[in-house]
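**Q** Just passing along the structure, written as structure tokens.
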Amino acid sequence: MLGAAPLDGVRVLEVGTVIMAPYAGKVLKDLGAEVIKAEPPGGDIGRRIGLLGPNGTSVLAMNLNAGKRSIVVDARTGTGRRVMDGLIAWADIVLTNTLPARREEFGLSWDHVRAVNPRAILVTGQGFASDSARRDSPAYDDIVQAASGVADTYRLRDGEPRYSPYVVADKVCGMTMAQSALAALHRRSVDGEGCWVDVPMVDTMAAFTLVEHMGGATFSPARGDVGWSRVLAPQHRPHPALDGWVCVMPYTDANWHSFCTLIERPDYLTHPQVATNRDRSADPTLYEQILADYASQRTCAQIEEECAAAGIPVSRVARVDDLPDDPYLAARPVLSRTAHAREGDYVHVSGPAVFHGHERPLPEDSAVLDGDREAVLSLIGVDAEEPAP
């Protein structure tokens, strides 16, 4: 018999918009937490962004809001504030990416949350730190990529800054919010106290970027340029094969020995530009050219077969549109074809972690805006029809 999901019994209040806080809520929901999504009148704008299903549900909402319960709360009114306070009192974890000035307005300041529920864990996330001069500056994903150095890593490689082709800041920061919430939940199990965790996006993404790209600037005085040469080389990218694109990565010196044997080039084992991992990382130009020449003469299947036999890391480049039918992913629980009550058949994206011996939550429909109002009010013991004090 399987045990309960890891976060079974954990109660999460999500007051978030677009991706970051809703993504954090999704991570916790996928781990088994109960999540109530409190939305302003009109709903989270993430419900209306991007591609919409046949009946008007956005793709974002179909995945980010799956299994959550929705209630509309106008916390600027007396009645709405009473509902919000009831939700805070109910919750173990409160997630929000509302700007600090508006948190005061919505009753989500730490002082207020702590007064309502001393055991609550408040996790806030916004562009800049809540105790900084820029705390109320609006900052969407592109702004954060620009301010944190993420966009500049493309300049280091390509000569000009670019944005990542996915919302990397929102999702990394959303995961950091979830991670921080769980750390605080553990601390509460020890000392019984709630706490406030602030997750500034620019701080988070600067730390994320500089792990490898601080480079020579790590030292004082600097011992070289910023950036990690191996990943910044313009040639460092998948290489074209006869029928697609492939990543061949003889990374360790043992891998390199196997690869040189495979291509019958023992001279490369002593070549000063590619003999060791340090040589190949310092200037990857020749290394990448060797890989490109190898790939150009073979099909993806040939490359995968040869490299796998030699113990060399390898993978063909999977097209995004092929991922739902990828043989590996098709056998995993992260992608599942299911039916949505309002939008029909679709591919649901679940959390990737598998807790063996524990129940895995099944895909659920996304919450309808305010669709759980009566159930939520009953759960938190608040009568929204009662006149505000």
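The values are calculated or read from the model by the stated rules, or taken from the named source; none is laboratory data. Not measured: the values here are computed from a predicted model. Heads up, the Cβs are rebuilt from the backbone with ideal geometry, glycines too, and the neighbour counts pull from every protein chain shown. Areas reflect the complete protein model, heavy atoms only, side chains present, ligands, DNA and RNA absent. Shrake-Rupley method; radii C 1.70, N 1.55, O 1.52, S 1.80 Å.
**Q** Leaving out ligands, DNA and RNA but keeping every protein chain, what accessible area does E212 have, in Å² rounded to the nearest 10, with a 1.4 Å probe?
**A** It works out to around 70 Å².
**Q** Okay, moving on. Suppose accessible area is computed on protein heavy atoms with a 1.4 Å probe; arrange Y166, Y268 from highest to lowest.
**A** Heavy-atom accessible area, descending, gives Y166, Y268.
**Q** Explain nothing, just the number: dipole magnitude of the chain about its Cα centre with +1 on each Lys and Arg Cβ and -1 on each Asp and Glu Cβ, in debye rounded to the nearest 20.
**A** Dipole about the Cα centre, nearest 20: 400 debye.
**Q** Under a 1.4 angstrom probe, counting protein chains only, how are I88, I263 ranked by accessible area, largest first?
**A** I263, I88
**Q** Determine the percent antiparallel among the DSSP beta bridges restricted to the range 10-154, to the nearest 5.
**A** Of all bridge pairs located within the range 10-154, approximately 5 percent are antiparallel.
**Q** Summing -39500 (n - 2.57) over the DSSP H runs of n ≥ 4 in the chain and dividing by its residue number, what mean residue ellipticity at 222 nm do you reach, to the nearest 500 deg cm²/dmol?
**A** Calculated at 222 nm, the ellipticity per residue is -11500 deg cm²/dmol.
**Q** Given a 1.4 Å probe and every protein chain left where it sits, what share in percent of the accessible area of the range 239-316 is carbon and sulfur?
**A** Roughly 55 percent of what the probe reaches on the range 239-316 is carbon or sulfur.
**Q** Check each of the trypsin sites (Lys or Arg not before Pro) in the range 298-389 and keep only those in coil by DSSP with at most 15 other C-beta atoms within 10 angstrom; list them in order.
**A** R319, R342
**Q** Suppose a student asked you for the relative contact order of the chain, using Cα pairs under 8 Å spaced at least 6 residues apart; what percent would you report?
**A** Relative contact order comes out at 20 percent.
**Q** Rank these by accessible area, largest first, 1.4 Å probe: T204, T270.
**A** T270, T204
**Q** Something else: Using alpha carbons only, what's the Rg to Rh ratio of the chain with Rh from Kirkwood?
**A** 1.04
**Q** Related question: Starting from the eigenvalues of the Cα gyration tensor, five times each then square-rooted, give me the equivalent ellipsoid semi-axes of the range 53-160, largest first, whole Å.
**A** Listed largest to smallest, the semi-axes of the range 53-160 are 31, 21, 12 Å.
**Q** Taking only the alpha carbons of the range 239-316, what extent do you get along each of the three principal axes, in Å, biggest first?
**A** Extents along the principal axes: 32, 22, 18 Å.
**Q** Also, quick follow-up: Jot down the radius of gyration and Dmax of the range 145-220, Cα atoms only, both in angstrom.
**A** 15.9, 52
**Q** Solvent-accessible area of S189, probe 1.4 Å, all protein chains present, reported in Å² to the nearest ten, please.
**A** Surface accessible to solvent at S189 totals approximately 90 Å².
**Q** Roll a 1.4 Å probe over the protein chains and send me the accessible area per residue for the range 239-316 in Å².
**A** With all protein chains present, the range 239-316 gives 53 Å² per residue.
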